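Heads up: the structure comes next, in structure tokens.
Just so you know, all these numbers are worked out from the coordinates, no wet-lab data involved. No experiment lies behind these values; they were computed from the predicted model shown. Cβ placement follows ideal geometry from the backbone for every residue including glycine, while neighbour counts extend to all protein chains displayed.
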Ligand code: DGL
């Protein structure tokens, strides 16, 4: 199928998390037309089986590819871990970019350091992450699940006592123990300030949003598919709750922390 420069870049996540990646995309490629799709009616993906996540991701991709898109950005670490390979097999002519935890950035910065990776159960358990971890034998890597955090962010809590208590409970054992914490779930950049408050200023917080946007630019450039505007964002969600779209726009318009 022929793609045109003015086709959408589709950006997909299990819910509102991928908006942290969309923000980066818009920052780096403001002239593009974006179609954001959050699957909030099925969120969270992170405690489902790999097979369920793969199936949900393929269903979302089917909806999005039917809309005439020139690229699909999987702005969800969990869906990338579970489904990026099958997506590329199924849509060989489409640019498919998947987000990955910023482990390499962290390891390059601290080659003999102590790095935490906070992500969903699926991402932490998948072979994709183990392979990445194996590339950095000199780095001490801690896998840190944060059960319940995605649900809070989906419900609109990005600060306040519930978020604070959960983060205290998850991260307290790591205070003073980490050179960097990789935010391996696209929801987490929305609670970056709260995470920083628990870990303190000596732990660098990294996420994969900027790298994913750079990779998207490289792929579009190589294919001659960069658009020169005017840019736009269409926001869609599988949930019928109108509050979710409002929350999505609020998150998009919020300054990055
Ligand atoms: N935002 C997703 C990620 O980057 C996962 C959230 C979920 O569990 O649905 O992994």
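Of note:
- For 104, 48, 246, the sequence from fewest to most other C-beta atoms within 10 Å is 246, 104, 48.
- Alpha-carbon spread of the range 1-132, three principal axes, descending order, Å: 46, 32, 26
- Computed over the range 148-257, the convex hull of the alpha-carbon atoms projects to a mean area of 9.0 nm².
- Taking only alpha carbon atoms, the range 42-114 gives an Rg to Rh ratio of 1.07, where Rh is the Kirkwood radius.
- In this simple spin-label approximation, residue 202 and residue 168 carry label points 7 Å from Cα along the Cα→Cβ vector, and these lie 2.1 nm apart.
- The range 83-126 shape via C-alpha gyration tensor axes, a/c threshold 1.5: oblate
- Between 0 and 90°, nearest 10: helix 77-90 axis offset from the chain longest Cα axis: 30
- Debye intensity ratio in log₁₀ form over the Cα atoms of the range 89-180, taken at each q of 0.11, 0.19 Å⁻¹: -0.42, -1.00
- Each of 251, 72 was scored by other Cβ atoms within 10 Å of its Cβ. Arranged with the fewest first, they read 251, 72.
- Each residue in 185, 232, 219 was given a count of other beta-carbon atoms within 10 angstrom of its own, and listing them fewest first yields 232, 219, 185.
- Centroid-to-centroid, using Cα positions, the range 9-69 and the range 190-217 are 19 Å apart.
- Seen against the Cα atoms of the chain and their longest principal axis, helix 161-171 is set at about 70 degrees.
- The angle separating the long axis of helix 50-65 from the principal Cα axis of greatest extent in the chain is about 30 degrees.
- For the chain, the Kirkwood hydrodynamic radius from C-alpha pairs, put into Stokes-Einstein at 37 °C and a viscosity of 0.692 mPa s, yields a diffusion coefficient of 179 µm² per second.
- Using C-alpha pairs below 8 Å separated by at least 6 residues, the relative contact order for the range 156-257 is 25 percent.
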